[in-house]
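Undergrad: Please see the structure below; I have some questions.
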Amino acid sequence: MPDDKTNGKNDHRFEYMMLDRLRSDCEYFLGAGQRYEGHLWAGNVREHIAKMRELYNALPVKPEWLSQEDIDNYAERMEPPFSVVEEVNLQHTAEKIHVDPQNESVWWIYLNPYADCGAQYVNCEIDFDVYEQLIEQYDIAHHPENVEQFYSDLNEMAEQMLSDLGTPFFVEARNDYEKESDFVDFTAENILKIHEKILSYEVDREAERDIDRGEAEFGADGRRAFRDDVGSVKKRLFVDMDGTLAVFKPVDTLETLYSEGYFASLEPQQEVIDAIDELLSDNEFEVFVLSAYLSDSPYALSEKNEWLDEHLPNISPSHRLFVPCGEDKASVVPGGISEGDYLLDDYTLNLLSWDPPGHGIKLLNGINHTKGTWKKDKVRHDQNGEALAQKIRDIAFYGRNVRDSDARHDSSER
């Protein structure tokens, strides 16, 4: 019979796992996360540390891998490294607007002098395609009276980063503000000029894509070429399961995750399945499934394999890679991560640990991407498999930037 100590751990399994998640966030914040609070579960240091203390104090059996002194140490190390006394320049309230063809986005920055912290720079970014959706919706060329509503929706849909007065981020944002910009303020005239600039970039980009596709298929000399002959090493595509191949299913209690049938019954993300099947049939990538699993569950690993047998039977057992939850996915990648390795995943921290040296592609599954911390390639789950497969090819073989918008930003769903 288990002793009281073991029972205490089992009764508080969720708290142990949550505390370990918060501890991992601290390590990432202090390392590769470059002290960006958006990577923290709570969104800021103060509330994050407070939640760790709350969970730790609630545990009857304290974990061996974390002590009260460790939490105090995290709190001290995660405090802002220095304080900056900065004079607020009220002339910086005008919006400085940049059109960025490299990232296929429009970004702008301005000073909010009335923030609770005293003042803060607001840095906003929106993808070209979302901007163009708003242009079509509000028809500013014929209805300049719609500028105010256009601007309101633009800010609502944009990904934002706030830089508070008294932090080093405020100084960095001020330097960004003082850079030369393409436009100042979203007037009706500037809104349309931005639209024209985006269209010109897209025409140039499509022409380049046609040239690249032609050379990839026929070679620069016009003779047909095959990708397997172009390079000796085929590109590898690693695909996550939970939230990517399979629809994420929320649970009320941690015990549900450990129950028999949970993983086997997950609904497939059919468009993603179709895209992977197409890439497999074209033999363009060496495709692997790369998924974390609950190593202390008697069902998780076997049910994940059963799920793949049903929905992606063409992925052989040797190309199904599983890593215990909490361990780095890179640890099971054959030969380690290389420049020709691509990861399709819905979780930003996995992508950040992969890229570089590999390349990350974020799957927007309708519930993630709430903080907008992933700034590189991202594709939506709700497009047909053929279109999704082509976007993955564009990224891997033609070096194209793909910045799908979040489904929640569509005007039809607002």
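Undergrad: Which of the residues belonging to the stretch 151-195 are over 26 Å from the mean Cα position of the chain (by Cα), farther than 21 Å from R403 by Cα, crowded, with 17+ Cβ neighbours inside 10 Å and without any contact (Cβ under 8 Å) to a residue 60 or more places away in the chain?
TA: Across the stretch 151-195, there are no qualifying residues.
Undergrad: Right, P317: surrounded by fewer than 17 Cβ atoms within 10 Å (Cβ to Cβ) and at pLDDT 90 or above or not? Please lay out each step first, then the result.
TA: On the way: surrounded by fewer than 17 Cβ atoms within 10 Å (Cβ to Cβ): yes; at pLDDT 90 or above: yes.
Yes, satisfied.
Undergrad: Would you mention how many residues in the stretch 257-298 are assigned to a loop (DSSP other than H, G, I, E, B) and of a type outside the set (A, V, I, L, M, F, W, C)? Spell out the reasoning first.
TA: Of the stretch 257-298, the ones assigned to a loop (DSSP other than H, G, I, E, B) are 258-267, 269, 283-285, 294-298.
Filter once more, so that each one left must be of a type outside the set (A, V, I, L, M, F, W, C): 258-262, 265, 267, 269, 283-284, 295-298.
Summing the residues that are assigned to a loop (DSSP other than H, G, I, E, B) and of a type outside the set (A, V, I, L, M, F, W, C) in the stretch 257-298 gives 14.
Undergrad: Now a separate question. Go through the stretch 157-211 and report how many residues are of a type outside the set (S, T, Y) and at pLDDT 85 or above. Even if it seems obvious, please write down each step before you answer.
TA: Of the stretch 157-211, the ones of a type outside the set (S, T, Y) are 157-162, 164-166, 168-176, 178-180, 182-186, 188-199, 202-211.
Of the ones still in play, those that are also at pLDDT 85 or above are 157-162, 173-176, 178-180, 182-186, 188-199.
So the answer is 30.
Undergrad: Surrounded by fewer than 17 Cβ atoms within 10 Å (Cβ to Cβ), farther than 16 Å from L192 by Cα, in the same structural domain as N175 (by TED's automatic domain parsing) and not aliphatic (A, V, I, L, M) - does that describe any residue in the stretch 117-132?
TA: Looking for residues that are surrounded by fewer than 17 Cβ atoms within 10 Å (Cβ to Cβ), farther than 16 Å from L192 by Cα, in the same structural domain as N175 (by TED's automatic domain parsing) and not aliphatic (A, V, I, L, M), one finds at least one in the stretch 117-132, hence yes.
Undergrad: Of the residues that sit in the stretch 267-284 and are modelled with pLDDT under 90 and over 14 Å from G385 (Cα atoms), which one is nearest to the chain's Cα centre (by Cα)?
TA: Filtering first and then ranking leaves E284.
Undergrad: Here is a follow-up. Quick one: is L294 under 30 Å from N103 (Cα atoms) and either out of contact with any Asp or Glu (no Cβ under 7 Å at 6 or more places or on another chain) or modelled with pLDDT of 90 or more (or both)?
TA: Working: under 30 Å from N103 (Cα atoms): no; either out of contact with any Asp or Glu (no Cβ under 7 Å at 6 or more places or on another chain) or modelled with pLDDT of 90 or more (or both): yes.
Taking the combined requirement at face value, the residue does not satisfy it.
Undergrad: Is it fair to say R13 is modelled with pLDDT under 85 and either outside the structural domain of Q160 (by TED's automatic domain parsing) or small (G, A, S) (or both)?
TA: Values: modelled with pLDDT under 85: yes; either outside the structural domain of Q160 (by TED's automatic domain parsing) or small (G, A, S) (or both): yes.
So R13 passes the test.
Undergrad: Quick one: D100 ticks every box in (1) outside the structural domain of Q133 (by TED's automatic domain parsing); (2) modelled with pLDDT of 85 or more; (3) among the acidic types (D, E) except a single one, so which number is it?
TA: It is condition (1) that D100 fails.
Undergrad: Residues to consider are G326, G340, G360, G336; find the one that is on the phi > 0 side of the Ramachandran plot and under 20 Å from the mean Cα position of the chain (by Cα). Don't jump to the end; show me each part of the working.
TA: Values: G340 fails: on the phi > 0 side of the Ramachandran plot; G360 fails: on the phi > 0 side of the Ramachandran plot; G336 fails: under 20 Å from the mean Cα position of the chain (by Cα).
Checking each option against the conditions leaves just G326.
Undergrad: I need every pair where a residue in the stretch 247-272 that is touching a residue at least 24 places away in the same chain (Cβ under 8 Å) has its Cβ under 6 Å from the Cβ of a residue that is assigned to a loop (DSSP other than H, G, I, E, B) and aromatic (F, W, Y), sequence separation at least 6 or different chains.
TA: Matching pairs, first to second residue: E260/Y299.
Undergrad: For the stretch 10-36, how many residues meet the condition of being at negative phi and in a loop (DSSP other than H, G, I, E, B)? Reasoning before the result, please.
TA: Within the stretch 10-36, the first condition is being at negative phi, and the residues that meet it are 10-33, 36.
Of the ones still in play, those that are also in a loop (DSSP other than H, G, I, E, B) are 12, 31-33, 36.
Summing the residues that are at negative phi and in a loop (DSSP other than H, G, I, E, B) in the stretch 10-36 gives 5.
Undergrad: Next question. Residues to consider are E278, E306, E284; find the one that is under 19 Å from G243 (Cα atoms) and out of contact with any Phe, Trp or Tyr (no Cβ under 7 Å at 6 or more places or on another chain). Spell out the reasoning first.
TA: Working: E278 fails: under 19 Å from G243 (Cα atoms); E284 fails: under 19 Å from G243 (Cα atoms).
Of the residues listed, the single one that is under 19 Å from G243 (Cα atoms) and out of contact with any Phe, Trp or Tyr (no Cβ under 7 Å at 6 or more places or on another chain) is E306.
Undergrad: Go through L294, L254 for me and flag whichever is surrounded by 14 or more Cβ atoms within 10 Å (Cβ to Cβ), in contact with a Cys (Cβ under 8 Å, 6 or more places away or on another chain) and under 26 Å from E15 (Cα atoms).
TA: Working: L254 fails: in contact with a Cys (Cβ under 8 Å, 6 or more places away or on another chain).
Result of the check over L294, L254: L294.
The values are calculated or read from the model by the stated rules, or taken from the named source; none is laboratory data. Only a predicted model underlies this, so the values are computations on that prediction, with no experimental measurement involved. FYI the Cβ positions are ideal-geometry reconstructions off the backbone, even for glycines, and counts take in every protein chain you see.
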